[in-house]
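Colleague: Once you've had a glance at the structure underneath, I'll fire off some questions.
The values are calculated or read from the model by the stated rules, or taken from the named source; none is laboratory data. Being a predicted model, the structure only gives us computed values, none of them experimental. Cβ atoms come from the backbone with ideal geometry, glycine included; neighbour counts cover every protein chain shown.
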Amino acid sequence: MKRKIIKIDEEKCTGCGLCVPNCQEEAIKIIDGKAKLVSDVFCDGLGACLGECPEGALSIEDREAKPFDEKMVMENIARKKCEQTQGHGGKATPHGLGVINPATHGCPGSAHAIFERKSPVAASAVQANTQQSELTHWPIQFHLVNPAADFFRGKDVVLAADCIAYSLPDFHERFLKGKSLAIACPKLDEGQDVYREKIRKMADEAEINTLTVIMMEVPCCRGLLQIAQTALQSAKRKVPLKAVIVGTRGDVISEEWI
């Protein structure tokens, strides 16, 4: 059948990934540095992704394509979520950590933990000469965290791009101290509709105090801020939002409340 469907101009596409979060059907992925239409049946042709492309690489065309299949879309999204939460699928874990129970999603890597931090005064002489981690909990990868976890309730939350901790030398002391952390990559992570819903729950259910989004200066990283803005706009509670942009050389380019 002939119908409206997304068209991607690969010559214009820079692989920034800004189109990906706006496709609720997850029809677009970044593959080999370019946006690709995963399957015709995943694209509804409405063009929700069009306005986010800074290069004008996206458009709508009329062409022969398989019909949009909402059932297949939902099955695909559900399958990915299941793969993300089940982890190792019930296999024995290394280093004597026991057996993962797929029925309870008991992956040791996603088990919640809250850390107690010693004050610098109480640290040993050796420890006093090293920088202390300000991480207060585990897990931190956004797909693994529970937005209603105690370490988010009423807290100032930092949502940082994956590259931040490797680029910003004083990240722990300057931005993480006294805050709760989640990390994500707006270009490579799948299921970003899940991220938006988790932020909404943090605002409405965990009643977080503030949200600070820290991202790199590269264009694809701006998608993290867009995810946060969209989520907070759908929340009932008003949560102050700060945007911090970090340069690839490790300097803070800008820091402002939005």
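Colleague: Considering only the range 150-241, give the strands (runs of 3 or more DSSP E) lying wholly within it that have at least 1 residues that are in contact (Cβ under 8 Å) with a residue 60 or more places away in the chain.
Modeller: Working: elements: 156-161, 180-184, 210-216.
Output list reads 156-161.
Colleague: So, one more: Need the failing condition index for VAL239 against (1) more than 30 Å from ILE30 (Cα to Cα); (2) in contact with a Lys or Arg (Cβ under 7 Å, 6 or more places away or on another chain); (3) β-branched (Val, Ile, Thr), just the number.
Modeller: (2)
Colleague: Something else: Any idea which of (1) touching a Ser or Thr at 6+ places or on another chain (Cβ under 9 Å); (2) in a strand (DSSP E or B) is the one PRO21 doesn't satisfy?
Modeller: (2)
Colleague: Sticking with this structure for a sec: Could you please find all residues in the range 8-28 being touching a strand residue (DSSP E or B) at 6+ places or on another chain (Cβ under 8 Å) and surrounded by 15 or more Cβ atoms within 10 Å (Cβ to Cβ)? Even if it seems obvious, please write down each step before you answer.
Modeller: Initial filter on the range 8-28 (touching a strand residue (DSSP E or B) at 6+ places or on another chain (Cβ under 8 Å)): 8-10, 13, 15, 17, 19-20, 27-28.
Scanning the range 8-28 gives ILE8, CYS13, GLY15, GLY17, CYS19, VAL20, ALA27, ILE28.
For every residue, the table says whether it meets (1) closer than 18 Å to PRO21 by Cα; (2) among the aliphatic types (A, V, I, L, M); (3) buried (at least 23 other Cβ atoms within 10 Å of the Cβ); (4) at pLDDT below 95.
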{"position": "ASP156", "(1), (2), (3), (4)": "no, no, no, no"}
{"position": "PRO169", "(1), (2), (3), (4)": "no, no, no, yes"}
{"position": "PRO186", "(1), (2), (3), (4)": "yes, no, yes, yes"}
{"position": "ARG200", "(1), (2), (3), (4)": "yes, no, no, no"}
{"position": "VAL218", "(1), (2), (3), (4)": "yes, yes, no, yes"}
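Colleague: Quick check on PHE175: is it in contact with a helix residue (DSSP H, G or I) (Cβ under 6 Å, 6 or more places away or on another chain), of a type outside the set (A, V, I, L, M) and within 21 Å of SER254 (Cβ to Cβ)?
Modeller: Values: in contact with a helix residue (DSSP H, G or I) (Cβ under 6 Å, 6 or more places away or on another chain): no; of a type outside the set (A, V, I, L, M): yes; within 21 Å of SER254 (Cβ to Cβ): yes.
So PHE175 fails the test.
Colleague: Considering only the range 7-30, state which residues are small (Gly, Ala, Ser) and more than 14 Å from the chain's Cα centre (by Cα). Give the derivation first.
Modeller: In the first step, residues of the range 7-30 are kept if they are small (Gly, Ala, Ser); the result is 15, 17, 27.
Matches in the range 7-30: GLY15, ALA27.
Colleague: Does any residue of the range 182-203 turn out to be among the aromatic types (Phe, Trp, Tyr) and within 23 Å of LYS34 (Cα to Cα)? Don't jump to the end; show me each part of the working.
Modeller: Here is the first cut: in the range 182-203, the ones among the aromatic types (Phe, Trp, Tyr) are 195.
Then drop every residue that is not within 23 Å of LYS34 (Cα to Cα), which leaves 195.
Yes, there is a match, as at least one residue in the range 182-203 is among the aromatic types (Phe, Trp, Tyr) and within 23 Å of LYS34 (Cα to Cα).
Colleague: With farther than 30 Å from PRO54 by Cβ and aliphatic (A, V, I, L, M) as the only criterion, which of ALA161, ALA149 stands out?
Modeller: Working: ALA161 fails: farther than 30 Å from PRO54 by Cβ.
Residue meeting the stated conditions: ALA149.
Colleague: Against the definition (surrounded by 18 or more Cβ atoms within 10 Å (Cβ to Cβ) and at pLDDT 90 or above), how does ILE5 come out, yes or no?
Modeller: Values: surrounded by 18 or more Cβ atoms within 10 Å (Cβ to Cβ): yes; at pLDDT 90 or above: yes.
Answer is yes for this residue.
Colleague: Another one. Only residues that are surrounded by 15 or more Cβ atoms within 10 Å (Cβ to Cβ), of a type in the set (Gly, Ala, Ser) and within 13 Å of THR14 (Cα to Cα): list them for the range 29-54, please.
Modeller: Hit for the range 29-54 is ALA35, nothing else.
Colleague: Related question: Of all residues in the range 55-73, how many are part of a helix (DSSP H, G or I), farther than 26 Å from GLY15 by Cβ and in contact with an Asp or Glu (Cβ under 9 Å, 6 or more places away or on another chain)?
Modeller: Of the residues in the range 55-73, 1 are part of a helix (DSSP H, G or I), farther than 26 Å from GLY15 by Cβ and in contact with an Asp or Glu (Cβ under 9 Å, 6 or more places away or on another chain).
Colleague: Which ones in the range 23-47 are touching a residue at least 60 places away in the same chain (Cβ under 8 Å) and not acidic (Asp, Glu)? Full working, then the answer.
Modeller: First, the residues of the range 23-47 that are touching a residue at least 60 places away in the same chain (Cβ under 8 Å): 24, 26, 29-30.
GLN24, LYS29, ILE30 - these are the residues of the range 23-47 that are touching a residue at least 60 places away in the same chain (Cβ under 8 Å) and not acidic (Asp, Glu).
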